[in-house]
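One structure is given here, and the rest of the page talks about it.
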Amino acid sequence: MLREIVIDTETTGLDATNGDRLIEIGCVEILNRIPTGREFHHYLNPERDVHPDAVAVHGLSSEFLRDKPLFKEIAGELLAFLGDAALVAHNAAFDLGFINAELGRLARPVLAAERMVDTLMLARRKHPAGPNSLDGLCKRYGIDNSARAKHGALLDALLLAAVYVELLGERQATLGLDLALPNDRPVGLGPGKAAQRPGPLPPRINATV
C-alpha cells in the first residue's frame, strides 16, 4: 500500500537559513491516492516576530501565535505521523528547508530530500505554460478553493492533495469535503488532530453526484 503525506507550512518569512521559523504545519495522509481522513495540524510559537509581508499572506500575527506550542513540543508527534511515507509538497525545497532547520535546532535527524515529491516540478513538466501556483492549478482542474481567502497550511495541504491526484491523471474518487474555515483563527484550520474516519478530497466545481 502506497502511503504519502501531503504537507504544507507557513512561516515568519522566506529565509530558513537567516532565522525565519515555522508558524504552522499541516499534513494530510493519503493511501493509494485516496485520503484517509487522518490529518496533522499545529500552529507554532516561533519565538520571534512574524514579518508584516508574511502576515499579509497567511494572516497569522505574532500576537495570535504567542500562546501556541513550540516546535520542540510537537516534533515527536510530527515525525511519528510522517513515519517513512513519501512527502508531497508544492515547491518542496521551501517546506523541507524550514522543517529541517527546526529539526536541526533540536539535533534531530533531518528529512531526506529523496522522500520529497514536488508538485510544482510535476506541474511545470505537465503544464509548461502555467500558471502553476496552487490557485492556478485548482482553477485548471476545477477544484473548489473558495475557502482559501489566505494561505493556511492544512487547507492548502487538502487542496494540494486534490491537485496531486489530478497531476498524476488519477481523478479523485470521492467528493464533498467540507472546507469551512474554523472559529479559532483569522484564517486556516483548527488545532492538530487525527480524524477518525475517511474523508474525501476537496470538491470539483464541475463535479456531479
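Observations on the structure shown:
- Pair list, Cβ under 6 Å, 6 or more apart: the range 131-148 residue free of Cβ contacts under 8 Å to residues at least 60 places away in the same chain and within 13 Å of Thr119 (Cα to Cα), other residue of a type in the set (Asp, Glu) and not in a helix (DSSP H, G or I): none
- Test set (1) in contact with a helix residue (DSSP H, G or I) (Cβ under 8 Å, 6 or more places away or on another chain); (2) surrounded by fewer than 22 Cβ atoms within 10 Å (Cβ to Cβ); (3) in a loop (DSSP other than H, G, I, E, B) - Asn132 fails condition number: (2)
- Qualifying residue in the range 143-164 (condition: loosely packed, with under 14 Cβ neighbours inside 10 Å, modelled with pLDDT of 70 or more and in a loop (DSSP other than H, G, I, E, B)): yes
- One residue stands out among those in the range 1-41 that are of a type in the set (Gly, Ala, Ser) and farther than 17 Å from Ala162 by Cα: the one that is surrounded by the fewest Cβ atoms within 10 Å (Cβ to Cβ), which is Gly19.
- For Val57, the test of being touching a residue at least 40 places away in the same chain (Cβ under 8 Å) and among the β-branched types (Val, Ile, Thr) is passed.
- For beta carbons closer than 9 Å, sequence separation of 6+ or different chains, a first residue in the range 66-86 that is in contact (Cβ under 8 Å) with a residue 24 or more places away in the chain and a second that is part of a loop (DSSP other than H, G, I, E, B) and acidic (Asp, Glu), the qualifying pairs are Leu70/Glu47.
- Filter result for Pro46 (crowded, with 22+ Cβ neighbours inside 10 Å and either within 22 Å of Leu158 (Cβ to Cβ) or touching a Pro at 6+ places or on another chain (Cβ under 6 Å) (or both)): no
- As a summary of the residue check, Ala123 satisfies the conditions (1) under 15 Å from the mean Cα position of the chain (by Cα); (2) in contact (Cβ under 8 Å) with a residue 40 or more places away in the chain; (3) farther than 23 Å from Glu73 by Cα except for the one numbered (1).
- Looking across the range 6-40 at every residue that is free of Cβ contacts under 8 Å to residues at least 60 places away in the same chain and of a type in the set (S, T, N, Q), the one that is farthest from Leu82 (Cα to Cα) is identified as Asn18.
- Condition check for Val117: surrounded by 15 or more Cβ atoms within 10 Å (Cβ to Cβ) and either aliphatic (A, V, I, L, M) or more than 30 Å from Met1 (Cβ to Cβ) (or both): yes
The values are calculated or read from the model by the stated rules, or taken from the named source; none is laboratory data. Just so it is clear, the model here is predicted, and its values are computed rather than measured. As a convention, Cβ positions derive from the backbone with ideal geometry for all residues, glycine included, and neighbour counts pool all protein chains shown.
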